1. Taking the inverse of the average 1/r across all pairs of different Cα atoms in region 13-140, what Kirkwood radius in Å do you get?
2. How far apart, in nanometres, would the label points at Lys72 and Lys56 be if each is projected 7 angstrom from Cα along the Cα-to-Cβ direction?
3. What ³J(HN,Hα) values, in whole Hz, does the Karplus curve 6.51 cos²θ - 1.76 cosθ + 1.60 give for region 106-113 when θ = phi - 60°, with x put for Gly and Pro?
4. By how many degrees, between 0 and 90 and to the nearest 10, does the Cα long axis of helix 174-185 differ from the longest principal axis of the chain?
5. Note down, for region 177-251, the three equivalent ellipsoid semi-axes (square root of 5 times each alpha carbon gyration tensor eigenvalue), biggest first, whole angstrom.
6. Which distance in Å, rounded to a whole number, links the C-alpha centroids of region 244-289 and region 46-84?
7. On a 0 to 90 degree scale, rounded to 10, what angle separates helix 233-245 from the longest Cα axis of the chain?
8. Would you mind telling me the share, in percent, of accessible area of the chain contributed by carbon and sulfur at probe 1.4 angstrom?
Amino acid sequence: MKKIAPLLLSLTIGFGDLFGQDFEKQAPEGFDIVRSDISKGKIDTISYPSKTVGVKRRALIYTPPSYSENKKYPVLYLLHGIGGDEKEWLNHGSPQVILDNLYADGKIEPMIVVMPNGRAMKDDRAIGNVMALDKQEAFATFEKDLLNDLIPFIEKEYPVLKDREYRAIAGLSMGGGQSLNFGLGNLNMFAWVAGFSSAPNTKEPEVLVPDPQVAREKLKLLWISCGDEDNLLRFSERTHQYLVENDVPHIYYIEPGGHDFKVWKNGLFMFSKLLFKQVDPSTFYKYRL
Ligand code: FER
């Protein structure tokens, strides 16, 4: 019996997985609730000099439980939406709780998460008309700030792995568009790219992925998710359609919901579980409706 039990267990899990029974499509209840009995990561505010903007800029950084400067970590850059700033995820998405819980359950790789302000302009506060043209342009300018200022700063100040395979970018809405634009536009820098409910700033598919062959070779994981009741769904849909037509493996994950943090928290939960691990593109279909 001693020998048979593990065999039966692995068979059950194997078959369960085959039929999708063990496949978790929604974060389980409590995934975003603080647990008192587990070790926690830490959130700090950092300030980095930006040549792009000409000022010092703020970002939040999450270091995982058991963080040590003697280890080396992969990094996820996690971006906010049009009405947010570097604190939006923290204020509305409990990313540190979601990640702490996943660590406690052994479901994610230790990683550093950087939450910058994606509105790269001198006054980068989310006040006044957040849709104003100069503010929208600042979301595009952030590509330079990220690549030339923030990433070099993080790589100088923190013990991080600098290879593209250890760098991920994900974001919600306007930050989802940024993640797809900057990630797919800089495949020499990012192997993991995710857009949650990506906004109209998402470049047209042909511009986003001009060379499907290169994307196929370089991407570890491209994740596109959106709520089925989101008015911006068409931007995810058209990207997905193009990727199918051009045979670029990706996860397309439409879940019940609108343009809100329920969807984005679930996106962070699901995407972070896959990050910096072996991925099997033959399982991507499971995320489809
Ligand atoms: C738009 C509608 C929504 C738009 C941006 C958004 C740039 C972004 C929403 C968000 O970040 O939540 O027309 O234009």
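1. Taking the inverse mean of 1/r over all distinct Cα pairs, region 13-140 comes out at 16.8 Å.
2. Each label point lies 7 Å from its Cα, and together they span 3.0 nm.
3. Per residue, the Karplus-derived 3J(HN,Hα) values read x, 9, 9, 6, x, 8, 9, 10 Hz.
4. 80 degrees
5. Each semi-axis is √(5λ); the values are 19, 12, 11 Å.
6. If we compute the Cα centre of each part, the gap is 24 Å.
7. Tilt relative to the chain: about 60 degrees.
8. It is 54 percent, rounded to a whole number.
The values are calculated or read from the model by the stated rules, or taken from the named source; none is laboratory data. Predicted model, so just to flag it, every value in this text is computed and none were measured. With ideal geometry, Cβ positions are generated from the backbone for all residues, glycine too; neighbour counts draw on all protein chains shown. The protein model used for the area step is the full one, side chains on, heavy atoms only, and it has no ligands, DNA or RNA in it. Shrake-Rupley method; radii C 1.70, N 1.55, O 1.52, S 1.80 Å.
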